[in-house]
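Trainee: Let me begin by handing over the structure; questions about it come next.
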Amino acid sequence: MDEFFIVGGNKLFGSVNIDGAKNSLLPILAGCILVDDEVLLKSVPRYSDVLAMIEILRHLGAKVEWQGQDLYINCRGICACDVPLELACKVRSSIFTLGPITARTGKAKVSYPGGCDIGLRPIDLHLAGLKQLGCKVIEKNGYIYVDGQKLQARDYMLPFASVGASENIMMLASCARGQTRIFNPAREPEIVDLERFLNGCGAKISGAGSNVIMVEGVKKLHGCEFSVMPDRIEAGTFMIACAMCEGEVELKNAIAKDNESLIAKLQKTACKIYCDRDRIVVKSKGRPIAFGEIETEVYPGFPTDLQAQMCALASICDGYSLIIENLFESRFKHIGELLKMGADIKMKNGVCVVHGKEKIYGAEVTSTDLRGGAGLVLCGLVAEGYTTVRKVDLIDRGYFKFEEKLRALGGDIKRIKCEKKVDNC
Ligand code: EPZ
């Protein structure tokens, strides 16, 4: 697995272009299964999770071709309804294919998903939604078998606002006869983006981003040309990087509204943040002041996908910070690696207390998951001396050309290629 070699101490100056959102692209790639026509997704970054979803679409019989950064997907030739273990285990988003394959072919046989090792990540809410809409669901021998012959629009009340389950049911319902209302859905911007994409293909969905999503089933979806929203987690990561390293960074193709909770916290650290329509500028001078407390919640609460990066920031802030993770029960694995760099962090019952240090030190550390790895990179950029971050393949799942973008801003970071590639299964 590749490594990053980082020499700490440089300030960051310049502009960075934010890529399309990974967590919008992944459900939309699954949604293409519903469309037996050509879909063009513009400016698609080659996140490794996107490449894994493309492998699944090709396995099902879809034609998927790159033309530069644009991705042409044609699911007219879909002839299979199964996603085997070796493909499903690479990404969490393989489970997002369950609804679309069932709606498209009338049945599905999908193995259990993979994804970052941040908790148990059950799929009970996905399966309950399929059953509520009339599907027969059997879990056997490591596979989920779905019979969708009796697919029927119906109300579904999500007991928890799960992002993936909301997306799965939206896609299943978009081709189910009648009206489906999804109560207590996730309200993340990526859900709104999925509605925008499916409606662009002729679906009749409304209410995404609110607490009820209405879906009028349609017989057929047609192709479309689509550009996903900017990646709010990549944008947040670069904003935190600037807060840590000092300097001035302009984020192009970044939507401030998607990161309101982060911006509010960064303004407490004495960062100056200027926002235009699709541009954010962060200015940071001197050691950041501790931001106080963050508690991760479903949107519009503080995003769990920025929790690790905020632990990195807290490690060098002047003062104490409290970080509470409510979404995933094992999403503090990066703390062990931060301690190797001299961070002063105490953990108790899912609560993390960070006493910021004036100085942390370079070390050999290992990415524990996608966002934990990104947090280690940020610490390497400010640490005294040099840092090696291992298992960079985990970071490649959700950041494209991460080290190149940081280097262009002045960060002293380079990738060391290691031949051995290991699947994340
Ligand atoms: C999506 O994961 C994102 N991944 C995650 O981003 C993100 O952290 C998460 O939403 C929360 O915002 C993608 O979109 C590909 P959930 P997902 O279902 O859909 C529990 C990243 O770093 N739950 O909202 O898996 C679950 O265990 C990744 O980009 C059930 O109990 O998240 C967790 O505690 C990491 N049963 C909570 O809900 C279910 O059936 C939130 O999960 C489903 C979920």
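Trainee: Based on the Kirkwood radius over alpha-carbon pairs, what value in µm²/s does the Stokes-Einstein equation return for the translational diffusion coefficient of region 319-396 at 37 °C and 0.692 mPa s? Could you put the intermediate results ahead of the total?
Mentor: Numbers: Rh = 12.8 Å.
The Stokes-Einstein estimate is 257 µm²/s.
Trainee: Need one word for region 127-193: rounded, prolate or oblate. Basis is the Cα gyration tensor (sqrt eigenvalues a ≥ b ≥ c); a/c below 1.5 gives rounded, then a/b vs b/c decides. Kindly include the intermediate steps, with their values, before the conclusion.
Mentor: Details: a/c = 2.02, a/b = 1.35, b/c = 1.50.
Oblate, since a/c reaches 1.5 and b/c is not below a/b.
Trainee: I would also like to ask the following. Is the shape of region 22-227 best called rounded, prolate or oblate, per the rule: a/c under 1.5 gives rounded, else a/b larger than b/c gives prolate, else oblate, with a ≥ b ≥ c the square roots of the Cα gyration tensor eigenvalues? Write out the running numbers ahead of the final one.
Mentor: Numbers: a/c = 1.30, a/b = 1.13, b/c = 1.15.
Since a/c stays below 1.5, the shape of region 22-227 is classed as rounded.
Trainee: What is the distance, in nm, between label points placed 7 Å from the Cα along the Cα-to-Cβ direction at Tyr72 and at Lys285?
Mentor: 5.3
Trainee: While we're here: Work from the charge dipole of region 168-278 (Cβ charges, +1 for Lys and Arg, -1 for Asp and Glu, about the Cα centre) and give the residue of Asn259, Ala203, Thr237 farthest towards its positive end.
Mentor: Ala203
Trainee: Carbon-plus-sulfur fraction of the accessible area of the chain, 1.4 Å probe, in percent?
Mentor: Working: 8440 of 16640 Å².
Summing carbon and sulfur atoms, their accessible area is 51 percent of the total for the chain.
Trainee: Another question, then. So, R0 is 35 Å and r is the distance between the beta-carbons of Lys204 and Met347; what FRET efficiency does that work out to, to 0.05? Can you show the working numbers first?
Mentor: Details: r = 47 Å, r/R0 = 1.35.
The pair Lys204/Met347 has a calculated efficiency of 0.15.
Trainee: In addition: Report, in degrees rounded to the nearest 10, the 0 to 90 angle that the Cα long axis of helix 307-316 makes with the longest principal axis of the chain.
Mentor: Orientation of helix 307-316: about 0 degrees from the principal axis.
Trainee: Roughly how tilted is helix 232-245, in degrees to the nearest 10 and between 0 and 90, from the longest Cα axis of the chain?
Mentor: That works out to roughly 0 degrees.
Trainee: Send over a whole-number figure in Å² for the accessible area per residue of the chain, probe 1.4 Å.
Mentor: Values: 16640 Å² over 425 residues.
Spelled out: the 1.4 Å probe surface of the chain, per residue, equals 39 Å².
Trainee: Over the Cα atoms of the chain, what radius of gyration and what Dmax do you get, in Å?
Mentor: Here Rg and the maximum Cα pair distance are 21.3, 63 Å.
Trainee: Based on DSSP, what percent of beta bridges with both residues in region 22-227 are antiparallel, to the nearest 5? Could the numbers behind the result be given before it?
Mentor: Working: 27 of 34 bridges.
The antiparallel fraction comes to roughly 80 percent.
Trainee: Something else about it: How many nm is it between the label spots at Lys107 and Asp412, if each spot is 7 Å from the Cα in line with the beta carbon?
Mentor: Rounded to a tenth, the inter-label distance reads 6.2 nm.
Trainee: Please give the charge dipole size of the chain, origin at the Cα centre, charges +1 on K and R Cβ atoms and -1 on D and E Cβ atoms. Round to the nearest 20 debye. Before the final figure, lay out the partial values.
Mentor: On the way: 55 positive and 53 negative charges, 95 e Å.
Roughly 460 debye, rounded to the nearest 20.
The values are calculated or read from the model by the stated rules, or taken from the named source; none is laboratory data. Computed from a predicted structure; not experimentally measured. Virtual Cβ from ideal backbone geometry, glycine too; neighbours counted across all protein chains shown. What goes into the accessible areas is simple: the full protein's heavy atoms, side chains included, and nothing from ligands, DNA or RNA. Shrake-Rupley method; radii C 1.70, N 1.55, O 1.52, S 1.80 Å.
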